[in-house]
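Scroll down for the structure; my scribbles are underneath it.
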Amino acid sequence: MFPERLPSDDKFPGIDVFICTADPDKEPTVEVMNTVISAMALDYPPEKLHVYLSDDGGSDITLYGTKEAWKFARAWLPFCRRFDIKTSCPEVYFSGYEDYDHGNFISSSEFKAERQKIEEKYEKFKERVEEYMKKQSEAGAATKNRRDHPSNIQ
C-alpha cells in the first residue's frame, strides 16, 4: 500500500453503502445498528459517504434502533476521528478482544475520560434498544408480518 499515492479527499468519488435487514429475530437490531455505525465511521470524506439501511421486514424495532443509533453516532463518530480509532464497530471496540493502537492517546487522561463517556453512551444505547424490543415483544408486536406492511421512508 502506498497511501502517499492516494488522491486528495476532494478527488474521491462519492460512495453508497447499502445495509439490508429483514428480520430482527434473526438479525438482532443492536448488531445491525453496529454495522450501520461502522459504515458511518469509515475513513472516507463524510460528505461523499452515504449509508442506507433497508429493512425489508418493516420492523418498528429497526426504525427505533436506527433513531437511537443516530443519537449515539453523534458522539461516536467525532470520537473515532479525534482519536484516530481504526476499529469503527463500537461492539468490537468496547469488547476488549483486541489490543488497540491509539498512538499517543492511550496514556492521555483526556482520552481515557472521553472513552469512558462514549462507552457509557454505548451501553445506554444498547439498553434502550433492548428495552424497546422487550416492550414490543410483550405487546406481541416485536416483528411485523414481513409480507404485509406499508412502506416507511425516513
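Would you please name the residue that is surrounded by the fewest Cβ atoms within 10 Å (Cβ to Cβ), looking only at residues in segment 56-75 that are farther than 16 Å from Glu130 by Cα and at pLDDT below 95? Among residues in segment 56-75 that are farther than 16 Å from Glu130 by Cα and at pLDDT below 95, the one surrounded by the fewest Cβ atoms within 10 Å (Cβ to Cβ) is Asp56. Just to be sure before I move on: is Phe111 in contact with an Asp or Glu (Cβ under 7 Å, 6 or more places away or on another chain) and at pLDDT 90 or above in the structure I sent? No, not satisfied. Taking segment 63-78, which residues are of a type in the set (A, V, I, L, M, F, W, C) and within 13 Å of the chain's Cα centre (by Cα)? Correct list: Ala69, Trp70, Phe72, Ala73, Ala75, Trp76, Leu77. Scanning segment 36-55 for residues that are polar (S, T, N, Q) and crowded, with 20+ Cβ neighbours inside 10 Å yields one hit, Ser38.
Flag set for Tyr93, criterion: crowded, with 17+ Cβ neighbours inside 10 Å, over 17 Å from Glu127 (Cβ atoms) and without any contact (Cβ under 8 Å) to a residue 12 or more places away in the chain. Kindly indicate the residue of segment 4-29 that is surrounded by 10 or more Cβ atoms within 10 Å (Cβ to Cβ) and hydroxyl-bearing (Ser, Thr, Tyr) and also farthest from the chain's Cα centre (by Cα) among those meeting that condition. Ranking the qualifying residues of segment 4-29, first place goes to Thr21.
The residues of segment 46-61 that are in contact with a strand residue (DSSP E or B) (Cβ under 6 Å, 6 or more places away or on another chain) and among the small types (Gly, Ala, Ser) amount to a single one, Ser54. Taking residues in segment 53-65 that are under 16 Å from Phe125 (Cα atoms), and partners anywhere that are charged (D, E, K, R), the pairs with Cβ atoms closer than 7 Å and at least 6 places apart or on different chains are Thr62/Asp55.
The values are calculated or read from the model by the stated rules, or taken from the named source; none is laboratory data. For clarity, every value in this text was computed on a predicted model and none was experimentally measured. Quick reminder, even Gly has a Cβ in these numbers, built from the backbone with ideal geometry, and neighbours come from all protein chains shown.
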